[in-house]
Amino acid sequence: MAARAARRPPAAKPVLVLNGPNLNMLGKRQPQIYGRETLADVEKTCRAEAARLGLEVEFAQSNHEGVLVDLIQAAREKNSGIVINAGAYSHTSVALLDALNAAEVPAIEVHISNIYKRESFRHRSYISPAAVGVIAGLGSQGYLLALQALARLLGR
């Protein structure tokens, strides 16, 4: 099956892998929680997995909520799905929820840490209602699992 996936042509529209605030600090910030991999390491691994799945991926990261909203809105026309790690905005942003609902493409929410083992304010995600699934606590492997799930949802 893996060989068959490797021969598939890429999806017509890339999957957007979107990262929110402070994820540019992966590998430096609180490695006991987030690990030692950098965002560049995560991107490299995701690109390899996407290629195996017959997907193309587009990566973006911003510390600014409005930039993330703009990227999600653009995904409605540009992307076949979204993998989103909104960082702290997961727990505060109705704007991201509204943008994800308006995008009308499947989205999977990813958290590197297990948000339920952390501070109580992290137990609530405002963006989860717009996601087809949520992956938390599996480190950067969560991104790969999200890509696999999107590939299946997109019929890849």
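Per-structure values
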| quantity | calculated |
| --- | --- |
| Where residue 49 falls short, out of the listed (1) in contact (Cβ under 8 Å) with a residue 40 or more places away in the chain; (2) closer than 18 Å to residue 149 by Cα; (3) among the charged types (D, E, K, R); (4) open to solvent by 30 Å² or more (accessible area, probe 1.4 Å) | (4) |
| Single match in 112, 72 (criterion: in contact with a helix residue (DSSP H, G or I) (Cβ under 9 Å, 6 or more places away or on another chain), modelled with pLDDT under 95, buried (at least 20 other Cβ atoms within 10 Å of the Cβ) and not polar (S, T, N, Q)) | 112 |
| Residue that is farthest from residue 13 (Cα to Cα) [pool: residues in segment 115-156 that are open to solvent by 70 Å² or more (accessible area, probe 1.4 Å) and assigned to a loop (DSSP other than H, G, I, E, B)] | 119 |
| Whichever residue in segment 25-43 is in contact with a Ser or Thr (Cβ under 9 Å, 6 or more places away or on another chain) and at pLDDT 95 or above and, among such residues, is least open to solvent (accessible area, probe 1.4 Å) | 42 |
| Selection count, segment 101-156, where residues are small (Gly, Ala, Ser), touching a residue at least 24 places away in the same chain (Cβ under 8 Å) and more than 22 Å from residue 73 (Cα to Cα) | 6 |
| Residue match in segment 86-94 (condition: open to solvent by 30 Å² or more (accessible area, probe 1.4 Å), under 16 Å from residue 146 (Cβ atoms) and assigned to a helix (DSSP H, G or I)) | no |
| Where a residue in segment 69-83 is within 20 Å of residue 110 (Cβ to Cβ) and its partner, wherever it lies, is assigned to a strand (DSSP E or B) and open to solvent by 10 Å² or more (accessible area, probe 1.4 Å), with Cβ under 7 Å and at least six apart | 71/60; 79/58 |
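The values are calculated or read from the model by the stated rules, or taken from the named source; none is laboratory data. In this text the structure is predicted, and so the values were computed from the model without any measurement. Ideal geometry is used to build each Cβ from the backbone, glycine not excepted, and the neighbour counts take in all protein chains shown. For the accessible areas, the whole protein counts, side chains as well, though only heavy atoms, and no ligand, DNA or RNA atoms are used. Shrake-Rupley method; radii C 1.70, N 1.55, O 1.52, S 1.80 Å.
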